[in-house]
Each structure stands twice: as C-alpha cells, then as structure tokens.
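As structure tokens, the structure follows; a few thoughts come after it.
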There are 2 protein chains.
Amino acid sequence: MNTITDFYPEAVIVDAGSFPQSKIPLGWLDKCDLIVCCDGAANRYLATGRKAWRIVGDCDSLSPEIREKYGDIVRRFPDQETNDQTKAVRYLKSKGITRIAIVGATGLREDHTLGNISLLIDYLKQGIEARAYTDYGVFIPVYGDSKFRCEVGTQMSIFNFGAIDLHAEGLRYPIRDFDNWWQGTLNEVTSPLVTIHAKGNYLVFINYSS
Amino acid sequence: MNTITDFYPEAVIVDAGSFPQSKIPLGWLDKCDLIVCCDGAANRYLATGRKAWRIVGDCDSLSPEIREKYGDIVRRFPDQETNDQTKAVRYLKSKGITRIAIVGATGLREDHTLGNISLLIDYLKQGIEARAYTDYGVFIPVYGDSKFRCEVGTQMSIFNFGAIDLHAEGLRYPIRDFDNWWQGTLNEVTSPLVTIHAKGNYLVFINYSS
C-alpha cells in the first residue's frame, strides 16, 4: 500500500509546452534549487529572471545568446530516439535524483502533451517518481494500490494503463478496468481519504481545488 | 479499406476548451452553417459576432443574457452521465447528422482534453465520424485499415485504442501494437500516401503543415 501525499521533488524539469501560469507549478520553480530546462524551454524560463541548474536536450532550439551565456550548464544529448523530457529525466537519474516535478509538460501541441503525460508511467517502471504539475492539476503515475488525501469535492480522474481489478473507496462514481480514457474522467472525492485498489499501472489526475 | 481525405463536415461543434485561434478550426466556423455550441462555449463564440444554430448542454454555464436572447436555439439536456460534447454529438445524430468537426475540444483542463479526444473513438463505434480540429492538428478516429494523403514531412501520431496487427507504409518509423500513448507519437510522413493497417480502433493525429 502506497500513501501518496506530501510529495516533495528533488528537482524540477521545465518542459517545452505552455510555460506555467498558475501558482502550484510556479511555486515549484521558486521552492526548488535544481531546475532543469528542456532545450528551448530555457529561452522562456531564463527570461523570467530565474536561475537554471542545467539545460538538457538536443539543444537545437536554444537561442544563440543562451547557448553562449549558459554553455557551462548545457548538457547536450543529440539522440533522436527520445524526447527532451526523457533526456532530462535520464540525466537526473544518472545523478541519483528520482523524485521529480515536471512543469510545462502540457499545452501547445496535443501529441506532445499525450506523449509527455504517458511517459510518467514508463519512468515509474524505471523507479523514477515524476509528477506533471499543469496549470489545472497534477498527473501522478501509480502502480498498485494507492491512497490520496484530498478535500471533499475535488475532481479526480483515473487513466488506466493496463491495470486490472480497479476499484476505489472515497469517490463518487465506481471505477473499473477502463478501456477508454474518458471513462475515468471527472470523478469526485467524497471522503478526505481516497483509496484506489488495482493490479498494474494507472495515472491519477487531481484537479487543484479552486 | 478507407480512404480518409477530403472530409467535409455537415456541422461544427464548439467545445468549451480553448477557443480556436488557428486558421483551420476557425475556417470551419466560417464555412459551415450548422454551428452547435456546447453550453458555456456559446458565451465566447457569440462574442466573436458569429451565428449559432443550437446551444446544447446542461446550460448551467450560459450567461443570463445569452440564455434570454438565444432561448429559442437552446436545447437543454440536464443528464449528468455525459459531457456537453457528447450531448451535442447525440443531438446532431438525432437530426441525422453524423459527419462532424469539433473545435475547442482541447486546451484548459487536461482531463477534459483527454476525455473529449478519446470520445471520438466511441462516437465512431456508433457510426458517427467526428474529428477534433485543434490549433495544432486534427484527431481522426479510425477502425481498420486507412489511407491518408499528406505532404511528405508532415508529423503524424498514432494512438492505439486496442487495435492489433498495426503496421504502415509511408511513415518514417515502424508502428506496432502500442501499449502506451507516447510510443506512436512524432512519426513522420515519407510518402504522399500513408497506409495504415490494423484490426481495431486507433486515433490518428496529423499536425498541420507549417
């Protein structure tokens, strides 16, 4: 049984989707020292006056000024088989860092959004707990049973990645072995403690309380 | 074998995600007479000076002014089991309309985005061909084999919804029976005619040529 609350990342990855605008993802950028920008995301991130620890990726989208000024923190991985988010995750893992918040994973091209979100499941299989904090909520990859402490009324969605025997306590609508994404969306927390039972992997999206 | 080109919708649904900003989704709003707004999407849509044919949904997000002024075109379905996009699709089907473009399906909350996109597969199973035109590309639900005419170099992604024996001609990277969303992303068209073979359902995302 996992109790998944009070997650505190060791590092934050700034992805090249929409730059975060809401309080929670921006908060990680202010609270965390190890900020890793994915390639071109550095242009926008550094323009906010914040500091980066590393800039990782194939680095073909970096502006010439950034490339020159920040050359010492650039780690270039030209491999075309993986995306920049995964390169950043792998770089962190090589440094022993496996608890990661990702911001800017969504927005802009939807194919990138879908790719970035679903990769959280693969990272989890490799022993890396990476969560994607968007402007609206957080995506949390899970294997097996899990517990969440949430305010009653919070909207929660569950996306199945091959898990079976899915059921839960503390949600308004019953969950099951969903075979389409929409089936697990827009559930609602009815108890301060939500317990999800499952064999296998799934992704939980928790909408920030408004 | 389906040849999926030259799709011309009979009606356009304006969903309550980000209001479209790019030429292709806005083009459908200008070219099509039967525009159906999902609930609160009407507030923003009508403010652009365009005309709506119907406003469909539970209608709890309509501004009082719109509700009063456009009462004759509002079709209220209070059922909480389906979302407003599906209510609009069902309304159109009840009028015999089954070839539909959806705009504004993505953006804002990612749980809504994932729900809206994946529902295209369910609509297809009900004999409705609905495509979601975003600011970046188009999502096309498919059953079985398909052909696409595209410019060489176009980026294409394939999301598997339980199909087997997936393979293709005219794409840079081989496709297979993907079991995670990211695996089919960011492929590239290498021939003016792409042929996808499959048994079952999948979703194709074609990035607009820039």
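Here are the numbers:
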quantity: Of the criteria (1) touching a Cys at 6+ places or on another chain (Cβ under 8 Å); (2) open to solvent by 50 Å² or more (accessible area, probe 1.4 Å); (3) among the acidic types (Asp, Glu), which one B:Asp15 fails; calculated: (2)
quantity: Checking B:Cys59 against (1) modelled with pLDDT of 95 or more; (2) open to solvent by less than 10 Å² (accessible area, probe 1.4 Å), the condition it does not meet; calculated: (1)
quantity: Residue ID - nearest to B:Leu186 (Cα to Cα), chosen from residues in the range A:74-98 that are of a type in the set (D, E, K, R) and assigned to a strand (DSSP E or B); calculated: A:Arg76
quantity: Per-region count, the range A:169-190, residues more than 8 Å from chain B (Cβ to nearest Cβ), open to solvent by less than 50 Å² (accessible area, probe 1.4 Å) and assigned to a loop (DSSP other than H, G, I, E, B); calculated: 3
quantity: Number of the condition not met by A:Lys199 [criteria: (1) at negative phi; (2) open to solvent by less than 50 Å² (accessible area, probe 1.4 Å)]; calculated: (2)
quantity: Members of the range A:177-192 that are of a type outside the set (Ser, Thr, Tyr) and closer than 22 Å to B:Thr113 by Cβ; calculated: A:Phe178, A:Asp179, A:Asn180, A:Trp181, A:Trp182, A:Gln183, A:Gly184, A:Leu186, A:Asn187, A:Glu188, A:Val189
quantity: Qualifying residues in the range B:124-161 (those that are out of contact with any Lys or Arg (no Cβ under 7 Å at 6 or more places or on another chain) and among the aliphatic types (A, V, I, L, M)) - the one farthest from the other protein chains (Cβ to nearest Cβ); calculated: B:Val152
quantity: Subset of the range A:199-210 (residues that are assigned to a strand (DSSP E or B) and either within 23 Å of A:Thr134 (Cα to Cα) or under 21 Å from the mean Cα position of the chain (by Cα) (or both)); calculated: A:Gly200, A:Asn201, A:Tyr202, A:Leu203, A:Val204, A:Phe205, A:Ile206, A:Asn207
quantity: The range B:96-119, residues that are in contact (Cβ under 8 Å) with a residue 60 or more places away in the chain, at the interface with chain A (Cβ under 10 Å from one of its Cβ atoms) and within 12 Å of the chain's Cα centre (by Cα); calculated: B:Ala105, B:Thr106, B:Thr113, B:Asn116, B:Ile117, B:Ser118
quantity: Where B:Ala168 falls short, out of the listed (1) in contact with a Ser or Thr (Cβ under 7 Å, 6 or more places away or on another chain); (2) at positive phi; (3) among the small types (Gly, Ala, Ser); calculated: (2)
quantity: Single residue of B:Gly96, B:Gly115, B:Gly71, B:Gly104 found to be surrounded by fewer than 18 Cβ atoms within 10 Å (Cβ to Cβ) and at pLDDT 95 or above; calculated: B:Gly96
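The values are calculated or read from the model by the stated rules, or taken from the named source; none is laboratory data. Just so it is clear, the model here is predicted, and its values are computed rather than measured. When we count neighbours, we look across all protein chains shown, and the Cβ atoms used for this are built from the backbone with ideal geometry, even at glycine. The area values use the complete protein model at the heavy-atom level, side chains included, leaving out ligands, DNA and RNA. Shrake-Rupley method; radii C 1.70, N 1.55, O 1.52, S 1.80 Å.
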